[in-house]
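The next block holds one structure in the form of structure tokens; read it before the comments.
The values are calculated or read from the model by the stated rules, or taken from the named source; none is laboratory data. The structure presented is a predicted model; accordingly, all values stated were derived computationally and were not measured. Please note: Cβ atoms are built from the backbone with ideal geometry, for glycine as well, and neighbour counts cover all protein chains shown. Quick note on the areas: whole protein, heavy atoms, side chains included, nothing else; ligands and nucleic acids left out. Shrake-Rupley method; radii C 1.70, N 1.55, O 1.52, S 1.80 Å.
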Amino acid sequence: MSAIQVTALAPELSSLRMRLARNTAWSVLGSGFSQGAALLTAFVVARLLGVAAFGQLALIQATVLLFGTMGEFGFVLTTTKYVSRWRTGDPQRAGRLIGWSLRNTALSGSVIGILLATIGPSVGASFGFAGLQPELRAGSLLLVCEMLNRVQLGALSGLEAFASSARVYAVRGMLSLPCVWIGTRAGGLLGAVLAMAFVSLATLIAGQIILRQNSRSRGVVIRYNGSHEGEVFGTSLSLWISTLLLAGSTWAITVLLSRQPGGLAQLGLFNAADKWKTALLFVPTMLFQVTLPMLSHSHAEGNQRACWQMVIHSLLSTMGVTGLGAAFLWVFARPLMASYGHEFAAGASVLSLAAAVAVVCSVYTVASSVLWALGRPSMMVKIDLLRTMILLALCWFGLAANAQTVMLAILICYSAGCAVLLFAMRHYLISRKS
């Protein structure tokens, strides 16, 4: 490359880094506040409910996540990808896609929510939900609101309106702790689920207002009478299968663990450690949400150099931040678990393993955005399927005995999946670059 080309390229790369840094900063700020509030809320709820009831809450949340994923059909990331691609070149098409995604999510969410409220309690008795019928019915409202919230945030990410996404997260964060504390104090486990549903509904209303404001300012008119396109539907199907594999495997290991002797207490320990892992993963998650639309936009413009630069910066950032956080969790595992209550101190070893899982998951999360954004959905589905099969096989053949062995199984399956994913990502980026 000549000196003239390097000089011409420098402003472009500098602008790209600034754009990536700005978008990431807003995402981290909003999500960090929301995740911090969620972690504090988990502390409060765990102390009020105790370890066994906290395990029941994990069972309900995993079920809501599974049913919600079944009803989403991959609309969230599909909306992010194609809105980012069309927002400047074809804003009317982007507006039709947002409306189509919201309309179909509302319809499918309503159907799934009704099924969960009516059939779920009777069927769920066979899977450890005996006595949790009211909580499952309350979870149906939470399910619908969360599905729509995810699609709206996906649309904001596609518009690269990350400052506005931070406002949505701020609404959730400000409401979460006081509302769930009041609900749990007043109604126990049922009150906690109802309070979570209320917070999700309030977030949904605020997010709809913010989404409409941002769409209008960018010339994107949201229309609800559009029809799907073949390319969009194909990507949506692949994304749906991938997210369903994740939610389904999470639900399966949750049920397997709950059915072991002392399983609800072990599930409570696992849930407590997983809350810390989720908090640690908020930076990689935000980088995924930032990188996916930016990669998709640059790929649509044929700018492969920008794609490569984004991947390198994102991976280095996530490994550095998550690695430091994991070291902190490893050193202070026992006092951090004891902060939930004295019953949780026995889960220090679970949290230590969760710290290692977070590091591997952070790389997996960011690297997966490359295959999704650059048009390799089938490859990503195959890798997710491999990871899921390894996890379920390990749990089925003995690693679902307690919270520590389940976390070990998750570490093994994500490590294997991450190795395959990094190889595929590198191969694809090099082939595109050449």
Contact order relative to length of the stretch 84-217, as percent, for alpha carbon pairs under 8 angstrom and 6 or more apart
27 percent
For the residue pair H427 and R47, what label-to-label distance in nm results when each label sits 7 Å from Cα along the Cα-to-beta-carbon direction?
5.2 nm
For A401 and Q213, what is the calculated FRET efficiency with R₀ set at 60 Å and r taken between the beta-carbons, to the nearest 0.05?
0.70
Share of accessible surface on carbon and sulfur in the stretch 142-192, whole %, 1.4 Å probe and ligands ignored, is 70 percent
Once label points are set 7 Å from the Cα along Cα→Cβ at both Q92 and L385, what is their separation, rounded to one decimal in nm?
4.0 nm
For the stretch 70-88 and the stretch 192-261, write down the distance between their C-alpha centroids in whole Å.
10 Å
